[in-house]
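A short write-up of the structure that comes next.
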Amino acid sequence: MCVKDNYVTRDLQTLGYIDMLPILDISAELGLKTYFDGYNLWIEKGYKSYKFTLNSANVYDGQGNWYGLDVTMRYINGKLYIPSSFLTNVLGISYSWDNVTRTLYIDADRTLNRVK
């Protein structure tokens, strides 16, 4: 992790057209609690929880509702990644991509983090 000029720099991976975020690295900065047992990942935001499973495109919330992922949660270079679209579509965390600087800007609760 490198903190410089109030920005947090992280690894970003792209699979085809899907932006993948290192969820365990950035979860605290986004106000998320995460638990990972080596196979399942639980993400909590407020009173809501979501369960991911390696090699599965299915995510379930605490009420049993199902959400489909664009691609499965996976390890890339030793880090656990999920599609950024889950953060946007389900958790309401917005982001934008700057192709010139290859930077992903994530905005959660008015906190802007730069993920590179």
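Tell me whether region 97-105 contains one or more residues that are touching a Phe, Trp or Tyr at 6+ places or on another chain (Cβ under 8 Å), modelled with pLDDT of 85 or more and surrounded by 13 or more Cβ atoms within 10 Å (Cβ to Cβ). Within region 97-105, none of the residues are touching a Phe, Trp or Tyr at 6+ places or on another chain (Cβ under 8 Å), modelled with pLDDT of 85 or more and surrounded by 13 or more Cβ atoms within 10 Å (Cβ to Cβ).
Of all residues in region 84-96, those satisfying the criterion of being small (Gly, Ala, Ser) and either modelled with pLDDT under 85 or open to solvent by 10 Å² or more (accessible area, probe 1.4 Å) (or both) are Ser85, Gly92, Ser94, Ser96. Considering only residues of region 43-57 that are assigned to a strand (DSSP E or B) and farther than 15 Å from Ile82 by Cα, which is most open to solvent (accessible area, probe 1.4 Å)? Per the stated criteria, the residue is Lys48. When restricted to residues that are open to solvent by 80 Å² or more (accessible area, probe 1.4 Å) and either under 23 Å from Ile106 (Cα atoms) or basic (Lys, Arg) (or both), region 26-42 contains 4.
The values are calculated or read from the model by the stated rules, or taken from the named source; none is laboratory data. Model, not experiment: these values are computed from the prediction. A quick note on method: Cβ atoms are made from the backbone with ideal geometry, for glycine too, and the neighbour counts reach across all protein chains shown. Areas reflect the complete protein model, heavy atoms only, side chains present, ligands, DNA and RNA absent. Shrake-Rupley method; radii C 1.70, N 1.55, O 1.52, S 1.80 Å.
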